[in-house]
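Visitor: The structure that follows is given in the form of structure tokens.
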There are 2 protein chains.
Amino acid sequence: MPGVRPASPDQAALLSELVERRLLIETGVPGVYGRGGDFEDVRERVAALVTRAGGDEEPEQLRFPPVMSRHDLETVGYLKSFPHLAGSIFAFTGSEGQAAEQYERASRHEDWSEFQGMTDLVLTPAACYPVYPAIAARGPLPAGGVTIDAGSSYVFRHEPSGDPARLQIFHQREIVRIGEPETVQAWRDLWRNRAVELLGAIGLQVQLEIATDPFFGRSGRMLAASQREQQLKFEVVTQIAGPEPTAVASFNYHQDHFTSAYGIRLADGAEAHTACLGFGLERITIALFREHGLDIQAWPTDVRDRLWER
Amino acid sequence: MPGVRPASPDQAALLSELVERRLLIETGVPGVYGRGGDFEDVRERVAALVTRAGGDEEPEQLRFPPVMSRHDLETVGYLKSFPHLAGSIFAFTGSEGQAAEQYERASRHEDWSEFQGMTDLVLTPAACYPVYPAIAARGPLPAGGVTIDAGSSYVFRHEPSGDPARLQIFHQREIVRIGEPETVQAWRDLWRNRAVELLGAIGLQVQLEIATDPFFGRSGRMLAASQREQQLKFEVVTQIAGPEPTAVASFNYHQDHFTSAYGIRLADGAEAHTACLGFGLERITIALFREHGLDIQAWPTDVRDRLWER
């Protein structure tokens, strides 16, 4: 297993404060925390802010669980780009005797992996991944394509870190647009500007940047260079803790990556394109606590009004 | 891997109806579904009904993700009782060359399990499991113990089935009571009666039954007999589809199972006991669609008023 990425001093201090205040609850595993009531309240209000901002688009509501079909992950080539981040699900496959041996080892906290076999499931790495096969199964898109609100979905990235803003399991607030290339690009561009406004209005100092995904290995560096050159990914970043700003939202134009994998076509039979946006809800929540303090009752009135409005 | 438990004809018909109506979205894996907007609306209203019913207890709000510490699962002996239901999380551990080989195999949908190694994480098997170590870390309980509302948490059970009411990943609406033995038993008994009222008021025909957990193997049969004799587990059941009623809520007295594992003590140093309740939100939601029809606008007024009240 890879080591844990160490926290910078201010990241470690921020985590301590959040834990001390019971906003985050330690579990013994870096990057995996429980959440206290105030943390969840803010996280849900940020999610609702995004819902209100996108309400006029009348997106179709779909929700997917934090595990998905392994076959689908294989189909879209996730293991080419991000083998280091994927989580696969294993389960017991043996006899009663093997179960007893597995239990004995586990109760001594020794290795019981040999009794586990791969299942049909993996952890969902991004909230939009299960959307594409679900839409593909319906046949050609309706005229104008579709907008899918995938809600606030738990996603997994295997990157243990001491930075409280780099979690292994966190909520992405995700919306997906599938349609003609120009349509989905315009939608992506609209939302990246809207996100800057939304996050600015709740008191975060944010910037929009051209970005790249954390592709794996040497070939990944070429993928990243191509992605940057084509301006396929934008991120909204803000300073939380650590030497660099942290991405809190991303706006991604996938071209035909998902539509060619699943054969998603426009109403007239031409190839559709996709774009998605994701708000990192825990990162935004932590940024808000960092900016406005740990007592939500004492937050600025305009921020409270914006978040808790109905 | 174990086979998929086949659906009875009426279970298969119910699943088809739910999928046809886009209330459930198929993913290619039995027991793993996306959820449409109306399904989620009902599920969240059922969760809110439980919240309102328990509001007077002013529980502390804690939320935990769908993955938890493997060490904690080992500590509480889950693999003794339920090795067949556990899901463990594996991840990639190799070189760039191995990543390339893993990707090649995965893109042909062949076996790539040899490149995956066990991580520190498992899927959360019950929403209350992460609560106990979190409370233990605080030291002795305050006078009167604690009541923890663990919200609606995704939990995993590796039991693929064609029955739409037997999911591999679903939401438990869970509340936990930790305190003196008499206190937690009285709380458990109060809630099992309250649940019968709550579910009856939204039009479900329910019954309260003494129940057992699905313990593994031969020794499991003895555990189940002992559990039944001591009346440690009650379930509220209702007829959904299939030959037998389906459990939709459970009320569990754990005695010192969790408190002895984590050393949770009362304020005076005596050993605490625990109880928990869990409402199976998807099962209740499916039972409501089965009972009142697939169009929520056409549900009986009193049911709608009860669910959508503010």
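The values are calculated or read from the model by the stated rules, or taken from the named source; none is laboratory data. Values in this document were obtained by computation on a predicted structure and should not be read as measured data. Here the Cβ positions follow ideal geometry from the backbone for every residue, glycine too, while neighbour counts run over all protein chains shown. SASA here: full protein model, heavy atoms, side chains in, ligands and nucleic acids out. Shrake-Rupley method; radii C 1.70, N 1.55, O 1.52, S 1.80 Å.
Visitor: Under unit Cβ charges (Lys, Arg +1; Asp, Glu -1), what dipole magnitude, rounded to 20 debye, does segment B:109-175 have relative to its Cα centre?
Guide: Numbers: 4 positive and 8 negative charges, 98 e Å.
My answer is approximately 460 debye.
Visitor: Among the lysines, select those whose C-alpha is under 20 Å from the C-alpha of A:Lys233, and discard any that sit fewer than 8 residues away in the same chain.
Guide: A:Lys80
Visitor: Inter-copy label distances at A:Asp305, 7 Å along the Cα→beta-carbon direction, one decimal in nm, shortest first?
Guide: Ordered by distance, the counterparts are at 3.7 nm.
Visitor: Choose one answer from A:Asp268, A:Asp38, A:Asp72: the residue with the largest mean-square fluctuation in a GNM of chain A with alpha-carbon springs under 10 Å.
Guide: Maximum fluctuation in the GNM of chain A, among the listed residues, is at A:Asp268.
Visitor: Using a 1.4 Å probe over the heavy atoms of the protein chains, calculate the carbon and sulfur portion of the accessible area of chain B as a whole percent.
Guide: 46
Visitor: Pull out a ≥ b ≥ c, the square roots of the eigenvalues of the alpha-carbon gyration tensor of segment B:148-254, then state rounded if a/c is under 1.5, prolate if not and a/b is larger than b/c, and oblate in the remaining case.
Guide: Details: a/c = 1.40, a/b = 1.10, b/c = 1.27.
Rounded shape, in that the Cα axes give a/c under 1.5.
Visitor: While we're looking at this one, here's another question. Calculate the spin-label point distance for A:Glu26 paired with B:Gln205, positioning each point 7 Å from the Cα along the beta-carbon direction, and give it in nanometres.
Guide: Rounded to a tenth, the inter-label distance reads 5.4 nm.
Visitor: Provide the FRET efficiency to the nearest 0.05 for the A:Glu60-A:Asn193 pair, computing r from the beta carbons and using R0 = 25 Å.
Guide: Working: r = 23 Å, r/R0 = 0.94.
The calculated FRET efficiency here is 0.60.
Visitor: Relative to the Cα centre, what is the charge dipole magnitude of the protein assembly as shown, using +1 at the beta carbon of each Lys and Arg, -1 at the beta carbon of each Asp and Glu, and rounding to the nearest 20 debye?
Guide: Values: 60 positive and 86 negative charges, 25 e Å.
Once rounded to the nearest 20, the dipole reads 120 debye.
Visitor: Ignore the peptide's own chain and count Cβ atoms of other chains within 10 Å of each Cβ in A:153-161; give me the average, rounded.
Guide: Numbers: counts 1, 5, 0, 6, 1, 7, 1, 3, 0.
Partner-chain Cβ atoms within 10 Å, mean over residues of A:153-161: 3.
Visitor: Here is a follow-up. Where is the GNM fluctuation largest for chain A (alpha-carbon springs, 10 angstrom cutoff): A:Thr147, A:Thr119, A:Thr238?
Guide: A:Thr119
Visitor: Still on this structure, please answer the following. Just want to confirm a number: the relative contact order over segment B:33-121, from Cα pairs under 8 angstrom separated by 6+ residues, in percent.
Guide: Working: 40 pairs, mean separation 26.7, N = 89.
Relative contact order of segment B:33-121: 30 percent.
Visitor: Sticking with this one: Take the alpha carbon gyration tensor of segment A:8-121, find the square roots of its eigenvalues, order them as a ≥ b ≥ c, and report rounded if a/c is under 1.5; if not, report prolate when a/b exceeds b/c, else oblate.
Guide: Numbers: a/c = 2.32, a/b = 1.34, b/c = 1.73.
Note, shape of segment A:8-121 comes out oblate.
Visitor: Let me ask something else. In the protein assembly as shown, what % of DSSP beta bridges are antiparallel (nearest 5)? Don't skip to the answer; put the middle values down first.
Guide: On the way: 99 of 105 bridges.
So the antiparallel bridges amount to about 95 percent of the total.
Visitor: How large is the helix-only mean residue ellipticity at 222 nm for chain A, computed as the sum of -39500 (n - 2.57) over DSSP H runs with n ≥ 4, divided by its residue count, in deg cm²/dmol to the nearest 500? Could you put the intermediate results ahead of the total?
Guide: Values: 11 runs with 117 residues, N = 310.
Here the helix-only value at 222 nm equals -11500 deg cm²/dmol.
Visitor: Please tell me the relative contact order of chain B in percent, rounded to the nearest whole number, where contacts are Cα pairs under 8 Å and at least six residues apart.
Guide: Details: 567 pairs, mean separation 67.1, N = 310.
So the answer I get is 22 percent.
Visitor: Could I ask something else about it? Across the residues of B:302-308, average count of Cβ atoms on other protein chains within 10 Å? Mind showing how you got there, number by number?
Guide: Values: counts 0, 0, 0, 0, 0, 0, 0.
Going residue by residue through B:302-308 and averaging, the value is 0.
Visitor: I've got another one for you. Total accessible area buried between chains B and A, 1.4 Å probe, in Å² to the nearest 100? Working shown, then result.
Guide: Numbers: alone 15160 and 15160 Å², together 24610 Å².
It comes to approximately 5700 Å² buried between B and A.
Visitor: Return a whole-number percent for the relative contact order of segment A:169-310, with Cα pairs under 8 Å and 6 or more residues apart as the contact set. All intermediate terms of the calculation are to be shown ahead of the outcome.
Guide: On the way: 223 pairs, mean separation 44.2, N = 142.
Once divided by the residue count of segment A:169-310, the mean separation gives 31 percent.
Visitor: Still on this model: Rounded, prolate or oblate: which fits the protein assembly as shown, taking a ≥ b ≥ c as square roots of the Cα gyration tensor eigenvalues, rounded meaning a/c under 1.5, else prolate when a/b beats b/c?
Guide: Details: a/c = 1.32, a/b = 1.28, b/c = 1.03.
Cα axes put the protein assembly as shown in the rounded bin.
Visitor: What does the structure give for A:53-64 when I average, per residue, the other chain Cβ atoms found within 10 Å of the residue Cβ? If you can, show how the numbers build up before the last one.
Guide: On the way: counts 0, 0, 0, 0, 0, 0, 1, 3, 7, 8, 9, 7.
Taking the mean over all residues of the peptide, I get 3.
Visitor: Also, I was wondering about something else. List every residue whose amide H lies under 5 Å from the amide H of A:Ser161, counting only residues 5 or more places away in sequence or on a different chain, with H placed 1.01 Å from N in the peptide plane.
Guide: A:Arg5, A:Gly31
Visitor: A further question on this structure: Arrange the residues B:Glu114, A:Glu74, B:Glu229 by how much accessible surface each exposes, largest first, with a 1.4 angstrom probe. Don't skip to the end; give the middle numbers.
Guide: Values: B:Glu114 130, A:Glu74 10, B:Glu229 155 Å².
I get B:Glu229, B:Glu114, A:Glu74, largest accessible area first.
Visitor: I would also like to ask the following. If you take the beta carbon distance between B:Ser8 and B:Glu96 as r and set R0 to 41 Å, what does 1/(1 + (r/R0)^6) give as a FRET efficiency, to the nearest 0.05? Could you put the intermediate results ahead of the total?
Guide: Working: r = 49 Å, r/R0 = 1.21.
My answer for the efficiency is 0.25.
Visitor: Further question: Keeping every protein chain present and rolling a 1.4 Å probe, give me the accessible area per residue for segment A:161-310 in Å². Can you show the working numbers first?
Guide: Details: 6380 Å² over 150 residues.
Spelled out: the 1.4 Å probe surface of segment A:161-310, per residue, equals 43 Å².
Visitor: Along segment B:74-82, what does the Karplus equation 6.51 cos²θ - 1.76 cosθ + 1.60 (θ = phi - 60°) give for ³J(HN,Hα), rounded to whole Hz, x for Gly and Pro?
Guide: Working through the residues one at a time gives 5, 5, 8, x, 4, 6, 6, 8, 9 Hz.
Visitor: Amide H of B:Leu24: which non-local residues (sequence gap of 5 or more, or other chain) have their own amide H closer than 5 Å, using H built in the peptide plane?
Guide: Result for B:Leu24 returns B:Val19, B:Gly36.
Visitor: A further question follows. I'd like the accessible area for B:Met68, computed on protein heavy atoms only with a 1.4 Å probe and all protein chains in place. Round to 10 Å², please.
Guide: 10
Visitor: Okay, moving on. Quote the FRET efficiency, to the nearest 0.05, computed for A:Glu110 versus A:Ala267 with a Förster distance R0 of 56 Å and r equal to the Cβ-Cβ distance.
Guide: Details: r = 58 Å, r/R0 = 1.03.
Efficiency computed from Cβ-Cβ geometry: 0.45.
Visitor: A follow-up question, please. Please work out the C-alpha center-to-center distance from segment B:197-267 to segment B:56-135 and express it in whole Å.
Guide: Using only Cα atoms to place each centre, the spacing works out to 24 Å.
Visitor: For chain B, set up a GNM with springs between Cα atoms under 10 Å and report which of B:Ala224, B:Ala249, B:Ala106 has the largest fluctuation.
Guide: Evaluated over chain B, the most mobile residue of the options is B:Ala106.
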